[in-house]
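A.B. asks: Dropping a structure here in structure tokens format, bear with me for questions.
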Amino acid sequence: MTDRTRIALLLAPALLLLGGLFLSGLGLTLLRSFRYFPALGLTEPDLGAYAAILTSPGFLRSLGLSLWIASASTVLAAILALVAALLLRQSFPGRALISFLVQLNLTIPHVVGAIGILYLLSQSGAFARLAHAAGLIAGPADFPVLVNDPFAIGIILLYVWKEVPFIALILLANLQTLGEDHESVARSLGATRWQAFRHVLLPMLAPGLAAASALVFAFAFGAYEVPLILGQHAPKALPVLAWQAWTDTDLATRPEAMAMSIVIAAIGLALLALVARAVRQGGE
Amino acid sequence: MTRLTLKGLAKRYAGAGQAALHGLDLTVASGSLTALLGPSGSGKTTTMKLIAGLIAPDAGDIRLDDRSIRDLPPERRGVAMVFQNPLLFPHLTVAGNVGFGLRMRGLAPDRIAASVAAMLARVRLSDLADRRPAQLSGGQAQRVALARALVLRPEVLLLDEPLSSLDATLRDEMRGLIRDLQRETGITTLVVTHDQAEAVALADRIALLLDGRLVQHDRPEAFYRRPASEAVARFFGGVNFLPGKARGGRFDCALGALDLAPGLPEGPGLLTIRPEAIRLGPGPNPLPARVQAVTFLGTQTRVDLGVEGFALQALVAPEAGLPLSPGQEVTVSLPPSALWLLPRPEGAA
């Protein structure tokens, strides 16, 4: 058996799963989004569904909201993760414990976290009750609106809390591989501590940070359950809107749901491709 | 030109039983190229990092001329260090790497570009200015690392095993380049190496460090002709040691009374002679010997000899050794000028 056939055989299960489930699902979604749906009597593909959603103010507001949620969550999570990784790189008493705590919430499902946020931060939640007991607020209406709010603060908080450890772990692995020698060189060449970070360490971490952030962005942009629980009634985040259109009793809205899904996937993929390209160019 | 002085420099790493460095005193003459030589684990790299300010000493002082730099951060010491690996910044071009330190100082871009271009020309890398580090060979990368430090015109340049990552041909070339650049610039340079041949070929002065202590600081030839101790002699390839006693210009030992050169101390001691100083054939201090083994080493031939039940090793020109065969009786002579007396090792009678 040649190396090439061995590699092909070893990869086959993963490729089958990817091709069979993911790609054929995506292909079917693509067909439906072009209004090709023989069961409903739609046999002439066209761009009607895309035209309909792109001219609908509701869709555009949802798109804007989802972009806001994903961008804000990603930027905040990336900054906090960078700080956490740099702190956790140093050795100090209790580091192992803090490391463990940081990683712990990776194992908590998003839905569970979302319900937790709801219990803690809603106007009738635990923090509001504490504030009331302490005499800080007179009633639930005085507590700031942090969930189901127009700025999606609850959603963003949850994503930041969940994704900081994810990005931080990738950065920590990077930091371990890089070691401190490049920074030492920079210092001995006259760079201050800050310059060594800004001009040497940060650029060297950038590819890993960008890749991890892109994954977080794509996830926050496309995930459905968190904005369903913590989001406002209108506008809804894009995945929630798509799900609603898909489960609508009017089967004619299904192509629009598919078109929305394709838009979500396309934006995520475009972002990942951009990051991959930037990382490749930076490494040359 | 700057003199570098280390005074009582000591360092013990947290958790390590043995100190890495026990109170090192060393003066590196202004404008000299000094090798800090020692086996691995002898505290050489620790010394470099202390001078560069990358770690802090437990005790002692580091001075440039009369100014202490002990408490200054690395970037304000006027000391540049080149590490064992080139450690180029992968996200910068060759020119970007060489200009890094100048950029950190906030120099104007056109001045940086001019200095970088001149430096790259000097290390013959002008053609590669726009390359990324990943596209360089090991020798090229090491030259960039050297240029990156030299372009700053540091008061003191530290080189940590700069040749060890290179293969033999590149090593010769790099050694020549370091020597030439050091002579041109006159920058006080301290180079760490574990290889005594490299230290001899490269440096004006050698400081030998054994077990965290400076055991001899001298010109390279002194380590062969006048080693300070048996350990020093052995580090430089010394193999012949005879215990005995010096009296009235002669040395009494198992081989009889040997004539010494004038000026050597009297009393008990350890006589040593370099293997390459032993002559085959009659001469001063002649001794009857039996050939035990003959080993061809390329540029030399090693002859193991038995003299009065005592083993001596001689290194001779290849053609002088090859006609010999084991068991053969020969006469060897030990020129008095090549005999050197060492203090008796501690614990010996």
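The values are calculated or read from the model by the stated rules, or taken from the named source; none is laboratory data. Not measured: the values here are computed from a predicted model. In this analysis, Cβ positions are derived from the backbone assuming ideal geometry, glycine residues included, and neighbour counts consider all displayed protein chains. Ligands, DNA and RNA are excluded from the accessible area calculation, which covers all protein heavy atoms including side chains. Shrake-Rupley method; radii C 1.70, N 1.55, O 1.52, S 1.80 Å.
A.B. asks: Among A:35, A:198, A:129, determine the one that fluctuates most according to a GNM of chain A built with springs between C-alpha atoms less than 10 Å apart.
C.D. replies: Among A:35, A:198, A:129, the largest GNM mean-square fluctuation belongs to A:198.
A.B. asks: Where both residues lie in the protein assembly as shown, what percent of DSSP beta bridges are antiparallel, nearest 5? Could you put the intermediate results ahead of the total?
C.D. replies: Details: 55 of 73 bridges.
DSSP beta bridges in the protein assembly as shown are roughly 75 percent antiparallel.
A.B. asks: Convert 25 °C to kelvin, take the viscosity as 0.890 mPa s, use the Kirkwood radius over C-alpha pairs of chain A as Rh, and evaluate the Stokes-Einstein diffusion coefficient in µm²/s, rounded to a whole number.
C.D. replies: Values: Rh = 22.1 Å.
It diffuses with D of about 111 µm²/s by this estimate.
A.B. asks: Okay, moving on. In chain B, if every C-alpha pair distance is counted and binned at 10 Å from zero, what percent goes to each bin?
C.D. replies: 5, 21, 25, 21, 15, 9, 3, 0
A.B. asks: Let me ask another. Treating cross-link reach as a plain straight distance, find the aspartates and glutamates whose alpha-carbon is under 17 Å from the alpha-carbon of residue B:245, omitting any fewer than eight places away in the same chain.
C.D. replies: B:230, B:259, B:266, B:346
A.B. asks: In terms of modelled amide H atoms, which long-range or inter-chain residues lie less than 5 Å from the amide H of residue B:332?
C.D. replies: Those lying under 5 Å, H to H, from residue B:332 are B:281, B:287, B:289.
A.B. asks: Taking only Cα atoms, what is the 0 to 90° angle, nearest 10, from helix B:168-185's long axis to the longest principal axis of chain B?
C.D. replies: 70 degrees
A.B. asks: Label point 7 Å out from residue A:28 along Cα-to-Cβ: which residues of segment A:262-280 have amide N under 18 Å?
C.D. replies: So the set is A:262-263, A:265.
A.B. asks: Give the cross-link partners of residue B:49 among the lysines, using a straight C-alpha distance below 23 Å as the criterion and excluding same-chain residues fewer than 8 apart.
C.D. replies: Excluding near neighbours in sequence, the set is B:7, B:11.
A.B. asks: Scan chain A and note any complete DSSP helix (H) whose C-alpha atoms cover at least 30 Å along its axis and whose Kyte-Doolittle average is -1.0 or more. Walk me through the intermediate numbers first.
C.D. replies: Numbers: long enough: A:57-89 (47 Å, 1.65); A:153-178 (36 Å, 1.72); A:254-283 (43 Å, 1.18).
Qualifying helices, which must be both long enough and hydrophobic enough, are A:57-89, A:153-178, A:254-283.
A.B. asks: With springs only between Cα atoms under 10 Å apart, run a GNM on chain A and tell me which of A:79, A:155, A:69 wobbles the most.
C.D. replies: Ranking A:79, A:155, A:69 by mean-square fluctuation puts A:79 first.
A.B. asks: Near the amide H of residue B:273, under 5 Å away, which other amide H atoms are found, from residues 5 or more places off or on another chain, if H is placed in the peptide plane?
C.D. replies: The answer is B:240.
A.B. asks: Return the equivalent ellipsoid semi-axes of the protein assembly as shown as a descending list in whole Å, where each equals the square root of 5 times an eigenvalue of the C-alpha gyration tensor.
C.D. replies: Values: eigenvalues 1074, 170, 114 Å².
Taking √(5λ) for each eigenvalue gives 73, 29, 24 Å, largest first.
A.B. asks: Straight-line reach only, C-alpha to C-alpha below 28 angstrom: list the lysines that residue A:236 could link to, leaving out same-chain residues fewer than 8 apart.
C.D. replies: Cα-Cα hits under 28 Å: A:162.
A.B. asks: Based on the Cβ-Cβ distance from residue A:141 to residue A:234, what FRET efficiency comes out when R0 is 25 Å, to the nearest 0.05? Before the final figure, lay out the partial values.
C.D. replies: Values: r = 21 Å, r/R0 = 0.83.
Result of the calculation: an efficiency of 0.75.
A.B. asks: Moving on to the next point. Set the Förster distance to 22 Å, then compute FRET efficiency between residue A:6 and residue B:135 from the Cβ-Cβ distance, nearest 0.05.
C.D. replies: Values: r = 32 Å, r/R0 = 1.46.
Calculated value: 0.10.
A.B. asks: For peptide A:179-187, what's the mean number of Cβ atoms from other chains within 10 Å of each residue's Cβ? Don't skip to the answer; put the middle values down first.
C.D. replies: Working: counts 1, 1, 5, 5, 2, 9, 17, 7, 9.
Going residue by residue through A:179-187 and averaging, the value is 6.
A.B. asks: Between segment A:252-284 and segment B:219-249, what is the C-alpha centre distance in whole Å?
C.D. replies: So the separation of the two Cα centres works out to 75 Å.
A.B. asks: Sticking with this one: Take the Cα of residue B:185, step 7 Å along the line toward its Cβ, and report every residue of segment B:83-110 whose backbone nitrogen sits under 18 Å from that point.
C.D. replies: Output list for this probe position: B:83-89, B:94-107.
A.B. asks: Measuring from label point to label point, each 7 Å out along Cα→Cβ, what is the residue B:117 to residue B:14 span in nm?
C.D. replies: For residue B:117 paired with residue B:14, the spin-label model returns 4.9 nm.
A.B. asks: Taking only Cα atoms, what is the 0 to 90° angle, nearest 10, from helix B:138-150's long axis to the longest principal axis of chain B?
C.D. replies: The two axes meet at around 70 degrees.
A.B. asks: Provide the percentage of antiparallel DSSP beta bridges, counting only those with both residues in chain B; round to the nearest 5. Mind showing how you got there, number by number?
C.D. replies: On the way: 54 of 72 bridges.
The answer is about 75 percent antiparallel.
A.B. asks: Roughly how much of residue A:36 is accessible, in Å² to the nearest 10, using a 1.4 Å probe?
C.D. replies: The value for residue A:36 is about 80 Å².
A.B. asks: Now a separate question. Helix B:109-122: angle to the longest alpha-carbon principal axis of chain B, degrees 0 to 90, nearest 10?
C.D. replies: Roughly 30 degrees, rounded to the nearest 10.
A.B. asks: Hey, with R₀ at 30 Å, roughly what FRET efficiency would residue B:344 and residue B:302 work out to, going by the Cβ-Cβ distance, to 0.05?
C.D. replies: Once the sixth-power term is evaluated, E becomes 0.65.
A.B. asks: Karplus couplings for segment B:96-108 from phi (6.51 cos²θ - 1.76 cosθ + 1.60, θ = phi - 60°), rounded to Hz, Gly and Pro as x?
C.D. replies: With the stated coefficients, segment B:96-108 comes to x, 5, 5, x, 4, x, 5, 5, 5, 7, x, 5, 5 Hz.
A.B. asks: Please report the relative contact order for segment A:104-179, taking Cα pairs under 8 Å with a sequence separation of at least 6, and give it as a percent rounded to a whole number. Kindly include the intermediate steps, with their values, before the conclusion.
C.D. replies: On the way: 53 pairs, mean separation 23.3, N = 76.
31 percent.
A.B. asks: Under a point spin-label approximation (7 Å from Cα along Cα-to-Cβ), what is the residue A:198-residue B:126 distance to one decimal in nm?
C.D. replies: Going from the residue A:198 label point to the residue B:126 one covers 3.4 nm.
A.B. asks: Something else about it: Using alpha-carbon pairs under 8 Å, 6+ residues apart, how would you state the relative contact order of segment A:46-283 in percent?
C.D. replies: Values: 261 pairs, mean separation 68.5, N = 238.
Once divided by the residue count of segment A:46-283, the mean separation gives 29 percent.
A.B. asks: Given contacts defined as C-alpha pairs under 8 Å and at least six residues apart, what's the relative contact order of chain B, whole-number percent? Mind showing how you got there, number by number?
C.D. replies: Details: 734 pairs, mean separation 56.1, N = 349.
Averaging sequence separation for qualifying contacts and normalising by length gives 16 percent for chain B.
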